[in-house]
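First the structure, in the form of structure tokens, and then the observations on it.
The numbers here are math on the coordinates, done by the rules we state, and not lab data. Predicted, not measured: the structure shown is a model, and the values here were computed from it. All Cβ positions, glycine included, derive from the backbone under ideal geometry; neighbour counts span all protein chains shown.
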């Protein structure tokens, strides 16, 4: 495997990203290490190739944003919008993640070992998110498709205005959002949970999780009902 | 004398004194609200009378200014957008662009027609809240790709194959509100593109999921620039409310182009209270936007696109004279396709659409039923029968003719003002017919030196 190092104390994010936007054939199987990220924004944004990237420290906003195919590891914490709108591949945050982690992700897997901030998985569109710790309020807001696994607790208004995405929570849920409801865990759920937890390298028992999904009462206007929204 | 017990004849007249506060439209509103318990949703833009470009006129050349020959001399309409940071600015043959309208609101045929017309005219068309269709990408030489709060269908491949990116913060018809697409328009293809269950009454987000506020927007813009290797212009579109501050913040956040959509701007569906009671008229918005660019010394560096109720070449000329670099047209373009026309053309024949307007409880000329998906002329629909009423090539021809007419009117007025380039039109070429328009557009009331609120004393 070819190794390449970008030291952001001497090189720019622009140079790094330009390299990562090279021809997919030339990036195939390459491993890129990013030294001294020091919270820089937009690291490894828009990768479109099966390359692996390790960020040796903390990343700023939108790390690995809109990722396709790549495997990105952040050996630190990530700021707002990590792996936002990811299409495929995997993004692994070894520390904590700030707000909007995995926002509108269409595919791929985002793993956060620590806690995630507000609005984790907002507008999720098919991606999977596994959070080893807890998530902040408004997580899973308007999530349309995909799965979220929360091994710790969830804040207020979890899954507000959910569509077809499903959220699994092991710990306490401070409150559910409008139209989100607890549902019994099915066998398909435990199979999915076992798979996602294994991919994230976490040893929780799938049966310890609660399932949160949409009650689908906001899917259609109802002129006679009190308008709750 | 024999009639002494009867009232004088004039008291027998039917008493029909209409109330100004509770006029018939207000009565309809209250009766409807009391039967449904739900606000009214409709399409298009503000219907009430507002100060507009009609309230301005040009002071064309005479003795003190020298005109160009209207039919012979060159008058450039070339327009370049995105010169601030983008490696590949958008170059247009006319400053009249097609506004963002979604596949979902409009049929795939319509999107294709718009792409063809825009390409033929050397201008841009724009995607909407529903992603990019292959039809519009293929038919559009230069396509602007919107990044909206909902992020429906938003993906990096489409960002890369777009020619410019427009981050949408709001639209003039409903600044501060999210999109809306009622279930009857969420057909299988629309549902799949938006990752939604088929048939849901879809209400999109009003806030972007991954940023809040101008400082975040700065980083979001940088992300899109990084993704596209700094090639493509990035527009920021705002609904016209606090225009002066919003434009300054958008410029500060790094926009190449700012799009300001006034309250006459259209929508495929939103609450009537939003359409008629939120935002400011386009006329007022243009000048505030220009003042913001002047304040930041960004005239000529950041381009301004103005939209919201632009209908004619005269409207375009006035918007440009007030300081816009380009305009965007939505509703006018739909009307060119046949919106509110009593007939449609299909298979080389003209067919009456009147029965379908009647079925919607309206008439050609009054229709704003885009939200129902039952557009009698096949424009704002996803219905398999109705959408056939708009044939892409026929539609493209009409839109091309419309844009061509507007461009000719624009150059006619510019030449008469002595300008070899439509971008040389200036506020000094205009006066206002009403005090309101004079105050908003900051041009003198016709026949006076008076700009209300300015040059006092």
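Percent relative contact order of segment B:117-198, based on C-alpha pairs within less than 8 angstrom and at least six residues apart? Let's see the in-between values first.
Numbers: 102 pairs, mean separation 21.4, N = 82.
Relative contact order comes out at 26 percent.
Enumerate the residues in segment B:364-400 having an amide nitrogen under 13 Å from the point lying 7 Å beyond the Cα of residue B:354 toward its Cβ.
B:364-365
Give the percent of DSSP beta bridges with both residues in the protein assembly as shown that are antiparallel, rounded to the nearest 5. If you can, show how the numbers build up before the last one.
On the way: 22 of 95 bridges.
Counting DSSP beta bridges with both partners in the protein assembly as shown, the antiparallel share is about 25 percent.
Other chains near A:83-94: what is the mean number of their Cβ atoms within 10 Å of each residue's Cβ? Walk me through the numbers on the way to the answer.
Values: counts 0, 7, 10, 1, 3, 0, 0, 0, 0, 0, 0, 0.
Whole-number average of other-chain Cβ neighbours for A:83-94 is 2.
Where is the GNM fluctuation largest for chain A (alpha-carbon springs, 10 angstrom cutoff): A:178, A:192, A:70?
Judging by the Gaussian network model, the answer is A:192.
Taking the radius of gyration and the Kirkwood hydrodynamic radius from Cα positions alone, what is the Rg/Rh ratio for the protein assembly as shown, to two decimal places? Walk me through the numbers on the way to the answer.
Details: Rg = 27.6 Å, Rh = 26.9 Å.
Here the Rg-to-Rh quotient is 1.03.
Relative to the longest principal axis of the C-alpha atoms of chain A, give the angle of the C-alpha long axis of helix A:187-200, reported between 0 and 90° and rounded to the nearest 10°.
With rounding to tens, the tilt is 20 degrees.
Once you have the Cα-Cα distance between residue B:27 and residue B:212, take 0.36 nm times their residue separation minus that, and quote the gain in nm to one decimal. Please report the intermediate quantities before stating the final value.
On the way: separation 185, 0.36 × 185 = 66.60 nm, distance 4.08 nm.
Length gained, residue B:27 through residue B:212: 62.5 nm.
Need one number: % antiparallel among DSSP beta bridges in segment B:53-441, to the nearest 5.
Values: 13 of 43 bridges.
About 30 percent, rounded to the nearest 5.
Could you compute the FRET efficiency for residue B:62 and residue B:450, with r as their C-beta to C-beta distance and R0 at 25 Å, rounded to 0.05? Could you put the intermediate results ahead of the total?
Working: r = 22 Å, r/R0 = 0.86.
The formula returns an efficiency of 0.70 here.
In nm, give the distance between the simple-model label positions of residue B:385 and residue A:187, each being 7 Å from the Cα along the Cα-to-Cβ direction.
Once both label points are built, they end up 4.6 nm from each other.
As a footprinting exposure proxy, order B:385, B:234, A:112, B:221 by other Cβ within 10 Å, with the fewest listed first.
On the way: B:385 8, B:234 25, A:112 30, B:221 22.
Starting with the residue having the fewest Cβ neighbours, the order is B:385, B:221, B:234, A:112.
If you count, for every residue in B:143-155, the Cβ atoms of partner chains within 10 Å of its Cβ, what is the mean?
Details: counts 0, 0, 0, 0, 1, 0, 3, 5, 10, 4, 2, 6, 8.
Per-residue shielding by partner chains comes out at 3.
What ranking do B:341, A:10 get, fewest neighbouring Cβ atoms within 10 angstrom at the top?
A:10, B:341
Under a GNM of chain A (C-alpha, springs under 10 Å), which listed residue has the highest mean-square fluctuation: A:213, A:49, A:198?
Between A:213, A:49, A:198, it is A:198 that shows the largest mean-square fluctuation.
Which residues in segment A:64-94 have a backbone N closer than 20 Å to a point placed 7 Å from the Cα of residue A:26 along the Cα-to-Cβ line?
Only A:68-71 fall inside the zone, counting backbone N under 20 Å.
Any idea what the relative contact order of segment B:388-457 is, in percent, if you count C-alpha pairs under 8 Å spaced at least 6 apart?
Working: 46 pairs, mean separation 10.6, N = 70.
Across segment B:388-457, relative contact order equals 15 percent.
Is segment B:53-441 best put as rounded, prolate or oblate by its Cα gyration tensor, with a ≥ b ≥ c the root eigenvalues, rounded for a/c under 1.5, and otherwise prolate when a/b is larger than b/c, oblate when not?
Numbers: a/c = 1.57, a/b = 1.19, b/c = 1.32.
Oblate.
Using 0.36 nm per residue, how much length does the chain from residue A:221 to residue A:3 gain when fully extended, once their Cα-Cα distance is taken away?
Numbers: separation 218, 0.36 × 218 = 78.48 nm, distance 5.54 nm.
Length gained between residue A:221 and residue A:3: 72.9 nm.
Rounded, prolate or oblate: which fits segment A:96-214, taking a ≥ b ≥ c as square roots of the Cα gyration tensor eigenvalues, rounded meaning a/c under 1.5, else prolate when a/b beats b/c? Mind showing how you got there, number by number?
Details: a/c = 1.26, a/b = 1.11, b/c = 1.13.
Rounded shape, in that the Cα axes give a/c under 1.5.
Name the residue, out of A:23, A:119, A:14, whose mean-square fluctuation peaks in a Gaussian network model built on chain A with Cα pairs under 10 Å.
Top of the fluctuation ranking is A:23.
Would you mind telling me the antiparallel percentage of the DSSP bridges in chain A, rounded to 5?
Details: 7 of 49 bridges.
Roughly 15 percent of the DSSP beta bridges within chain A come out antiparallel.
Using only Cα atoms, locate the centre of segment A:194-219 and the centre of segment B:205-265, then give the distance between them in Å, rounded to an integer.
Here the two parts' Cα centres lie 36 Å apart.
Over what distance in Å are the Cα centres of segment B:116-149 and segment A:32-100 separated?
For segment B:116-149 versus segment A:32-100, the Cα centre distance is 31 Å.
Calculate, for residue A:207 and residue A:56, the FRET efficiency according to 1/(1 + (r/R0)^6) with r their C-beta to C-beta distance and R0 41 Å; round to the nearest 0.05. Before the final figure, lay out the partial values.
Numbers: r = 37 Å, r/R0 = 0.91.
Computed FRET efficiency for residue A:207 and residue A:56 comes out at 0.65.
List B:273, B:375, B:339 from most exposed to least, where exposure is judged by having the fewest other Cβ atoms within 10 Å.
On the way: B:273 12, B:375 34, B:339 24.
Going from sparsest to densest Cβ surroundings: B:273, B:339, B:375.
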